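Student: Structure below; questions to follow.
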Amino acid sequence: MLDFWGNRTKSCLCLILLFAVLLGFYSNVFSLIPRRQTEKSQSPEAHHVQGRRESLTLSEGDGHLDSCRIPEVPRLLYPKAQLLKPLRVDVLVMTPWFAPVVWDGTFDSALLDVQFRNTTIGLTVFAIKKYVVFLRLFLETAEKYFMVGHKVIYYVFTDRPADVPQIALQDGRQVVVLHVGNYRRWQDISMHRMEMISNFSRRRFLREVDYLVCLYVDMKFSDHVGVEILAPLFGTLHPGFYAADRQSFTYERRPLSRAYIPRDEGDFYYAGGFFGGSVPEVYRLTTACHQAMTADQAQGIEAVWHDESHLNRYLLSHKPSKVLSPEYLWDEQMLQRPPLLRKLRYVAVPMNHTEIRSR
């Protein structure tokens, strides 16, 4: 009797296992049929990309579409890189997550210019209230040093469009004035910058440019700033904290704020005056920062360094794919230049902060 029930049980188990195997096999086969039919039904024209910017949507993966494409480089004459002879040994040239840190001597401009030859760069700058007085020097020095030889659109956010100066521009470059409102406090202007960049990224930047560079206006270019800075997402080391330990960083330390970073966390302290990346990544960054600041406001809290605090919080969680050295943001009036800074590329303009911010 036991043998009978034992054999019967084994037979049932075998049938159940066989049925499960067959069911899995046929489910996999049938799941492939629609895909194959869809693939066959699509003509070659259906796969043709009509244009990089037209096909770009905010729901796509990380980075710009071009970040997945390797451009063809024509024949060029340039020095061979020496594997056993690093170009810089006095500074950090790569982060722990393998993002390059950009210093003078770590890149070849000629090679990069060819790789980015079909790229259009957007530059956002805010000239609200009396900050419009900095625009002429900013634009004139940008035309001399910023992305020379490449297509550039300067997006000037201002409440005083009539005061935007007319300057001579290189071929393929233009100034677009975006009329926006002003705010009573300079802190509000600073914080709403993220909101406005986010809104205009969605409304027009996605269709018009490949990368966005977001800068402060009370600065001037003093040396080459080119495509070596471009990456899906980049930040710039703050000149006051590039050599400091993380406990010294002026992060937002109150846990109630969305910008909160504990004292045992942090990679670098990034400056709010120089960041950017591909348009989708800048859209994500500015949207997240704006939403975080809105949430803070609902809790009655304002981060210690406003949008810069939220920028640092975001870049801690979303590691930048390139980090710019303090060469790209410096204040000669406040800081003594160290020997490791071979170039000063973008520097602060002396001003009376109280007077400018109060108007």
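Student: Which whole-number percent is the relative contact order of the range 100-258 (Cα, under 8 Å, 6+ apart)?
Tutor: Reported relative contact order: 33 percent.
Student: While we're looking at this one, here's another question. Order these peptides, 338-345, 149-156, 81-88, by their mean beta-carbon neighbour count within 10 angstrom, highest first.
Tutor: Packing proxy ranking, top to bottom: 149-156, 338-345, 81-88.
Student: May I ask you to give the percent of accessible area on the range 203-359 that is carbon plus sulfur, with a probe radius of 1.4 Å?
Tutor: 49
Student: If you don't mind, another one. Which of the GluC sites (Glu not before Pro) found in the range 203-287 are in a DSSP loop and have at most 15 neighbouring Cβ atoms, other than their own, within 10 Å?
Tutor: E265
Student: What does the accessible area per residue of the range 213-359 come to in Å², with a 1.4 Å probe and no ligands, DNA or RNA counted?
Tutor: 40
Student: Which of rounded, prolate or oblate describes the range 205-330 when judged by the alpha-carbon gyration tensor and an a/c cut-off of 1.5?
Tutor: It comes out oblate by the Cα gyration axes.
Student: Using the Karplus equation 6.51 cos²θ - 1.76 cosθ + 1.60 (θ = phi - 60°), what ³J(HN,Hα) coupling, rounded to whole Hz, does each residue of the range 194-206 give in order, writing x for Gly and Pro?
Tutor: Couplings: 4, 5, 5, 5, 4, 4, 6, 4, 5, 7, 8, 4, 4 Hz.
Student: Taking 8 Å as the Cα distance limit and 6 or more residues as the minimum spacing, I'd like the relative contact order of the range 210-359 as a percentage.
Tutor: 35
Student: Only Cα pairs under 8 Å and at least 6 apart count here; give the relative contact order of the range 261-312 as a rounded whole percent.
Tutor: Relative contact order for the range 261-312 comes out at 44 percent.
Student: A further question follows. How much accessible area per residue does the range 65-211 have, counting only protein heavy atoms and a probe of 1.4 Å, in square angstrom?
Tutor: 56
The values are calculated or read from the model by the stated rules, or taken from the named source; none is laboratory data. Bear in mind the structure is a predicted one, so any value in this text is a computation, not a measurement. For neighbour counting, all protein chains shown are included, and Cβ atoms are generated from backbone atoms with ideal geometry for every residue, glycine included. Just the protein is used for accessible areas: all its heavy atoms, side chains included, with ligands, DNA and RNA removed. Shrake-Rupley method; radii C 1.70, N 1.55, O 1.52, S 1.80 Å.
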